[in-house]
Structures are given as C-alpha cells and as structure tokens.
Amino acid sequence: VLPHFDRERILEFASPVVRDLSDVDADQFVEMLKENWNVQYEVLREFCDAHDIEIIDTTPALRASLECGEWPYFCYDTHLNVTGNRVVAEVVSAYLNSTSPSEPTPGGAP
C-alpha cells in the first residue's frame, strides 16, 4: 500500500482506528508500518508451529497480484475482494493438488 498513497493520507486514514496519533508524524507512522508489517504473521506462524498446524502462505501470491496491478483487497478495509479470493483459491488448489491424500484413520470419519 505504501507506494500508492502519500504519507499524510496514510496517517489521516489510520488515526481514527489505531490510537491517538497526535504525537506521531506521518513519516514516523510509515516507519512503524514498515517495521511491524509482519508481526501478526509471525505470531500466527509461531502458534501453528507449536501446535503442528500447517500454514498455506498466500502472502507471496497476494503481493504478486498487487505488483501486477490487481488489487486483492477492498479499498476500505483489509478483507479480500473477488480478486483476492481468486488468488487464495488458486494457491490452496495448487497446494491440495500437489499433496497426496492422507490415509483414512481406522474408525475415523470418511
């Protein structure tokens, strides 16, 4: 997102929902975004690693979509739009097609 908006506009957009940003200028806020963009992902990865949960990382495909000019998110929030859902579906489909089906567990559900 950062290359597509000026710094003041990013700060103006974020200020109502983040916290009181009156003591932070736009350059500081942009630096905070750059430094912390991956924190949520790392927390999720650590949790999944600790609980043997596999992650299908769609981040590279979503970034590639952005670089091609196909915006995968709604402009007013971070939810996936039709393009984003297509990108995620393609990644998940490719993953499922590349793995072998697991053997049924005796006594388990089909």
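The values are calculated or read from the model by the stated rules, or taken from the named source; none is laboratory data. As the structure is a computational prediction, the values presented were derived from the model and not from experiment. Every residue, glycine as well, gets a Cβ built from its backbone with ideal geometry; the counts of neighbours run over all protein chains shown. Quick note on the areas: whole protein, heavy atoms, side chains included, nothing else; ligands and nucleic acids left out. Shrake-Rupley method; radii C 1.70, N 1.55, O 1.52, S 1.80 Å.
Are any of the residues in the stretch 31-53 of a type in the set (S, T, N, Q), modelled with pLDDT under 70 and open to solvent by less than 100 Å² (accessible area, probe 1.4 Å)?
Looking for residues that are of a type in the set (S, T, N, Q), modelled with pLDDT under 70 and open to solvent by less than 100 Å² (accessible area, probe 1.4 Å), one finds at least one in the stretch 31-53, hence yes.
Quick one: S98 ticks every box in (1) at pLDDT 90 or above; (2) among the polar types (S, T, N, Q); (3) surrounded by 12 or more Cβ atoms within 10 Å (Cβ to Cβ) bar one, so which box is it?
(3)
Looking at V91, is it in a helix (DSSP H, G or I), of a type in the set (A, V, I, L, M) and either open to solvent by 80 Å² or more (accessible area, probe 1.4 Å) or at pLDDT 90 or above (or both)?
Taking the combined requirement at face value, the residue satisfies it.
Among the residues of the stretch 75-98, what is the count of those that are more than 20 Å from E54 (Cα to Cα), touching a strand residue (DSSP E or B) at 6+ places or on another chain (Cβ under 8 Å) and of a type in the set (A, V, I, L, M, F, W, C)?
Residues that pass the stated criteria total 1.
When residues of the stretch 64-88 are filtered for being within 23 Å of T99 (Cβ to Cβ) and either open to solvent by 90 Å² or more (accessible area, probe 1.4 Å) or at pLDDT below 90 (or both), how many remain?
1
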